[in-house]
Amino acid sequence: MNNTAFVRVTLSAIRENLSVVRALCKNSRIMATVKANAYGHGLLEVANALESSDGFAVARLHEALDLRRAGIEHRILLLGTLLDEAALATCSRFNIDVTAHDSISVTRIASQATRMPLRVWLKLDSGMHRVGLPPRAFVEADHLLSANTGVIELVHMTHFSSAGDMTTDAMDRQLQCFAECHATNPRAHTSLANSAALIARPETRGDWVRPGIMLYGDNPLGFTEGLTLKPAMRLSARVIAIRDLATGESVGYNSLWTSERPSRIATIGAGYADGYPRHAGNGTPAWLNGHFGSVAGRVSMDSIGVDITDCGPVNVGDEAVLWGPELPASKVADHASTISYALFTAVTQRVTREYRA
Ligand SMILES: *Cc1c(COP(=O)(O)O)cnc(C)c1O
């Protein structure tokens, strides 16, 4: 164990978080979102742990193929991406659900389905303006695809732009838009909700829900009464040096932190090259032996300085938790002007990974 930075993933936490989704959405099937290497938690490890999910959503074809090659037989949904004819033939062959999200993909999918069947998620742009068909084109595409006998399942899908606040007018307008478009072919299945929506707006649960971040233990709404999620990832790093500074001494590049009292500083062996956010400023918490220290000075490539003056005894070799069950990633993210999703997906290859069942 020569490394100093570790990611430990507790798979039982992810399974328990799936049970939380199941309990909330008793009448929906669950498409567990495992794109981006399962939000940095490990695609195959997570998919195997989530055996009882009804399917897995990914963002790239190679992620879908990695799941199939590993013997995963669940439904797999490829979210909106570029799909040429060869990619669509591969989706038919490997039984991968595809997303029709613009006129080009609708045409190509319709023609592929006449050669070999496909399950199709038709995406409505109900207001996010990222991917998806505007209402009129959506309804036309629905007519085309629902008349195609090679389309063996059709799901009407949309995605919400509100992050966190689920009570906005924009959210209501998106729901209304979806309801009107879906009403033109109510036999199609429905899928609207990501984590935030399925937690806060029961009416979005539909036939399929697509939770991502909550499976990994972060509630995108911050806090919800009666909802307990377990953080699955712990990023920790060893203390590689300790020094005592007098008042007025600085730490790190550009001297961005200066002691206002005699201080003890631990140098922790993880930096931005491990995926710790470079923009985590002075005061970002780090957990050491039951106490919270705080980042002091600029995050370096390989290390960070942490003020441990109030942390009690700390020794070289001790492990600091940078985020995990002891310290929510969302809290660290707040200090770095980012979100937990970005922290999880940014952990680099250099970090040692361990899995606990
Ligand atoms: C990533 C993604 C999700 C999951 O979102 P969370 O906020 O992580 O729950 C659901 N649907 C689509 C289309 C996505 O791109």
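The values are calculated or read from the model by the stated rules, or taken from the named source; none is laboratory data. Just so it is clear, the structure is predicted and the values come from calculations on it, not from any experiment. When we count neighbours, we look across all protein chains shown, and the Cβ atoms used for this are built from the backbone with ideal geometry, even at glycine. To get the accessible areas, we keep the full protein, side chains included, count just its heavy atoms, and leave off ligands, DNA and RNA. Shrake-Rupley method; radii C 1.70, N 1.55, O 1.52, S 1.80 Å.
Listed values for segment 35-41 are Karplus-derived 3J(HN,Hα) couplings in whole Hz (6.51 cos²θ - 1.76 cosθ + 1.60, θ = phi - 60°), namely 4, 6, 6, 6, 6, x, 8, and x replaces Gly and Pro. At a 1.4 Å probe radius, carbon and sulfur cover how many percent of the accessible area of segment 233-356? Carbon with sulfur: 49 percent of the solvent-accessible area. With contributions of -39500 (n - 2.57) from each DSSP H run of at least four residues, the per-residue ellipticity at 222 nm computed over the chain stands at -8500 deg cm²/dmol. Karplus-derived 3J(HN,Hα) values for segment 69-79, using 6.51 cos²θ - 1.76 cosθ + 1.60 with θ = phi - 60°, are 5, 7, x, 6, 9, 5, 4, 10, 10, 8, 5 Hz; glycine and proline are entered as x. Between A342 and E225, full extension at 0.36 nm per residue minus the direct alpha carbon distance yields a gain of 39.6 nm. Surface analysis of the chain yields an accessible area of 44 Å² per residue, using protein heavy atoms and a 1.4 Å probe.
Taking 7 Å steps out from each Cα toward its Cβ at M116 and E45 produces label points 3.3 nm apart. Close amide H pairs (under 5 Å, H built 1.01 Å from N) link W257 with V251, G297, R298, residues at least 5 positions away or on another chain. For the chain, the convex hull drawn through the C-alpha positions has a volume of 145 cubic angstrom per residue.
Taking 0.36 nm per residue of separation and subtracting the Cα-Cα distance, full extension of the segment from I242 to N315 would add 25.5 nm. Once both labels are positioned 7 Å from their Cα atoms along Cα-to-Cβ, the gap between D66 and M301 label points is 2.6 nm.
When the Gaussian network model of the chain links Cα atoms closer than 10 Å, the mean-square fluctuations of F223, F94, F56 top out at F223. With R₀ set to 30 Å, the beta-carbon distance separating I104 from A179 gives a calculated FRET efficiency near 0.65. When trypsin sites (Lys or Arg not before Pro) are flagged only if DSSP places them in a loop and at most 15 other Cβ atoms lie within 10 Å, the longest unflagged stretch of the chain comes out as 188-277.
Projecting label points 7 angstrom from Cα along Cα→Cβ for T81 and F94 puts them 0.9 nm apart.
I need the calculated FRET efficiency for the pair E73 and D207, taking r as the beta carbon distance and R₀ as 25 Å, to the nearest 0.05. For R0 = 25 Å, the calculated efficiency reads 0.75. Working from the Cα coordinates of segment 114-163, the gyration tensor eigenvalues give, after taking √(5λ), semi-axes of 23, 11, 7 Å in decreasing order. Dimensions of segment 233-356 along the principal axes, based on C-alpha atoms and rounded to the nearest Å, stand at 40, 27, 23, largest first. Segment A273..E153, full-extension length gain: 38.8 nm, with 0.36 nm per residue of separation and the alpha-carbon distance subtracted.
Distant-in-sequence amide contacts of R29, defined by a placed amide H-H separation under 5 Å and a gap of 5 or more residues or a different chain, comprise W208, V209. The lysines whose alpha-carbon is closer than 24 Å to the alpha-carbon of K230, local same-chain residues fewer than 8 away aside, are K26, K35, K331. Applied to segment 185-192, the Karplus parametrisation 6.51 cos²θ - 1.76 cosθ + 1.60 on θ = phi - 60° returns per-residue 3J(HN,Hα) values of 8, x, 6, 5, 6, 10, 8, 10 Hz, with x for Gly and Pro.
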